[in-house]
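As structure tokens, the structure follows; a few thoughts come after it.
Any read-out appearing in this document is the output of simple, stated calculations on the displayed coordinates, not a laboratory observation. All of these numbers come straight from a predicted model, not from anything done at the bench. All Cβ positions, glycine included, derive from the backbone under ideal geometry; neighbour counts span all protein chains shown.
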Amino acid sequence: MRSAPAIGFEYRPSRMMALAAALLVVLALAAVALGGAPAWSKAALGGCALVYGGGSLWRYLHPRIRAVHWRQDGSVSIRLTDRAGVQSEAQGVLHDARVLGPLIALQLRWLRGRAALWLLPDNLDADTRRRLRVRLALDGARTSVNADKV
């Protein structure tokens, strides 16, 4: 039996996911504005929603992970960038993986951190997605009912 092939890709955040997150922030602000709370409460809740949503969106659009290489032996090599822009290499493991329709969610862990990567059709090319889905299926990743229809 052949071993699973190595898979490597550069990671970039999904624009669809960023747009969905921004839409949720706008909906949260609209819900606060249309609520029956006093004005000071609306301002505080709206500010909290804006700060939390904006911070989450910024962290999503500026990930620490730049590239992932999943080797044949199952280990994962991760290229990281810190806040100063210095790149480093880390060895880790694929802790969990789920395939939910067009979404592939990977949880990576390494010595000093962990990260969740959400891979949608707009941030990973079709060939790499296909190879990743096949390898995850061989390794027994959790999949949704309609995962093979994409």
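Going by average Cβ neighbours within 10 Å, how do the peptides 17-25, 68-76, 128-136, 36-44 rank, with the highest at the top? Don't jump to the answer; show the numbers that get you there.
Details: 17-25: 14.1, 68-76: 15.7, 128-136: 17.2, 36-44: 10.7.
In decreasing order of mean packing, 17-25, 68-76, 128-136, 36-44 become 128-136, 68-76, 17-25, 36-44.
What shape does the range 16-61 have by the C-alpha gyration tensor, where a ≥ b ≥ c are the square roots of the eigenvalues, rounded means a/c under 1.5, and otherwise prolate means a/b greater than b/c and oblate the rest? Intermediate results must be reported in sequence, preceding the final value.
Numbers: a/c = 5.74, a/b = 1.99, b/c = 2.89.
It comes out oblate by the Cα gyration axes.
On a 0 to 90 degree scale, rounded to 10, what angle separates helix 15-34 from the longest Cα axis of the chain?
Around 20 degrees separate the two axes.
If R0 is 25 Å, what FRET efficiency do you get for residue 88 and residue 31 from their C-beta distance, rounded to 0.05? The partial results should precede the final answer.
On the way: r = 41 Å, r/R0 = 1.65.
Approximately 0.05, to the nearest 0.05.
Per 0.36 nm of contour for each residue apart, how much would the distance between residue 131 and residue 22 grow if the chain were fully extended, relative to their Cα-Cα spacing? Walk me through the numbers on the way to the answer.
Numbers: separation 109, 0.36 × 109 = 39.24 nm, distance 3.07 nm.
36.2 nm is the gain from fully extending residue 131 to residue 22.
Could you tell me the center-to-center distance, by alpha carbons, between the range 81-123 and the range 1-73 in angstrom?
14 Å
Nearest 10 degrees, 0 to 90: what angle lies between the long axis of helix 126-139 and the longest principal axis of the chain (Cα atoms)?
With rounding to tens, the tilt is 70 degrees.
For the residue pair residue 116 and residue 56, what label-to-label distance in nm results when each label sits 7 Å from Cα along the Cα-to-beta-carbon direction?
1.0 nm
As a test of the formula, what do you get for the chain when each DSSP H run with n ≥ 4 contributes -39,500 (n - 2.57) and the sum is divided by the residue count, at 222 nm and rounded to the nearest 500 deg cm²/dmol?
Working: 3 runs with 57 residues, N = 150.
It comes out at -13000 deg cm²/dmol, rounded to the nearest 500.
Can you report the principal axis dimensions of the chain using only the alpha carbons, biggest first, rounded to whole angstrom?
67, 40, 22
In debye, nearest 20, what is the charge dipole magnitude of the chain about its Cα centre with +1 on Lys and Arg Cβ and -1 on Asp and Glu Cβ, if you could check?
Working: 21 positive and 10 negative charges, 27 e Å.
That gives the chain a dipole magnitude of about 120 debye.
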